[in-house]
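What follows is a single structure, written as structure tokens, with notes after it.
The values are calculated or read from the model by the stated rules, or taken from the named source; none is laboratory data. Just so it is clear, the model here is predicted, and its values are computed rather than measured. Positions of Cβ are backbone-derived with ideal geometry, glycine not excepted, and every protein chain shown enters the neighbour counts. Areas reflect the complete protein model, heavy atoms only, side chains present, ligands, DNA and RNA absent. Shrake-Rupley method; radii C 1.70, N 1.55, O 1.52, S 1.80 Å.
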Amino acid sequence: MTDTNDSFFKRRWKLILNIITILALFALLYVIRDQLSQTLTNLSRVWLGVLVLMLPIQLLNYHAQTKMYQHLFQILGNKLSYKFLFRTSLELNMVNSVFPSGGVSGVSYYGVRMRDGGKVTGAKATLVQVMKVALLILSFELLLIVGLFLMAIEGRASGLILFVTGSLSTLLIVGTLGSMYIIGSKRRINSFFIAVTKFFNGAVRLFRPKNPETIDIQKAHGVFDDMHQNYMHFRRHYKKLKAPFYWALTANLSEIMTIYVVYIAFGEWVNIGAVILAYAVANFAGLVSVLPGGVGVYEFLMTAVLVAGGVPAAVSLPVTVMYRVLNTLIQVPPGYYFYHKTLQSSGAT
């Protein structure tokens, strides 16, 4: 019976994955149904000509992400085409938006796409994702400093704001340095990830007792060694990280500007420092949300931080909702289109 089921899944995996993704998309639409309604209601209050600016700014955001990937892979000796990386970035965003896994689904999917389409190892693709996140965090630290300065000018840098900014900065830096510390040693990376692998295998064994080892630990050793070696290559050529750092900063700035455009469309010229801090807090907390795209958690935290920064809830809430809905409508459909095309192509197996 098990062999028959395995054979069925092997033959129909693309169809099954498509069905799961479509169901997840419908789940996302269901979750944000109230926000969609609010957005349609608020459209009459905004200057639509300004909202159109979201499109080119988001295009800049994806351009920056693509260039960042391109430079990181070049440092590791892989020249990947801009078109391929741009398309994959769209697919990755769709996967991360639809599947609530704190970005884990995206990392797994990206590894598969890079291995099959870009001819690089899954470990190298995962490391590039880690480096991308690290660069985004480090570049955002600069924006947090700027944001805090801009709020201080208007006298909005209260004790709560200073506490939130300091706590967030500390968590981001410690998390980044901790990851680099683990990856920087072959012994540490193997010890850490082998422990994680054994834990995962044990958890899966509770539901599939006949599968004693879902992830082959011996193969995992090779993956972790590959990741460590590529990381050491980054360390030896750290000066080449200037270009991807610049693109990481551009990606962060473009996302902040996307939010600010919605404020302008509402006729509100709020302190951009509050927007920077609110965006950072909402994204950080949204990683642990069990709902697609961090829906609910993201909007609540962004609104709460903006209110603490002096932006009235009557302004920040409809702006945040509209930004989230419109950004989803801009990003998810093209991402799903390319994702579906990938599943149809023989190269994405």
For PHE338, the lone unmet condition from (1) open to solvent by 40 Å² or more (accessible area, probe 1.4 Å); (2) of a type outside the set (Gly, Ala, Ser); (3) modelled with pLDDT under 80 is (3)
Tally, over the range 72-84, of residues that are surrounded by 19 or more Cβ atoms within 10 Å (Cβ to Cβ) and part of a helix (DSSP H, G or I): 3
From the list MET151, MET180, which one is over 21 Å from LEU253 (Cα atoms), of a type in the set (A, V, I, L, M, F, W, C) and touching a residue at least 24 places away in the same chain (Cβ under 8 Å)? MET180
Pair list, Cβ under 6 Å, 6 or more apart: the range 124-140 residue free of Cβ contacts under 8 Å to residues at least 60 places away in the same chain and among the β-branched types (Val, Ile, Thr), other residue open to solvent by 10 Å² or more (accessible area, probe 1.4 Å) and assigned to a helix (DSSP H, G or I): ILE137/LEU172; ILE137/THR176
Inside the range 118-133, can you point out the residues that are small (Gly, Ala, Ser) and at pLDDT 85 or above? ALA125
Looking at ASN283, is it at pLDDT 85 or above and within 16 Å of ASN93 (Cα to Cα)? no
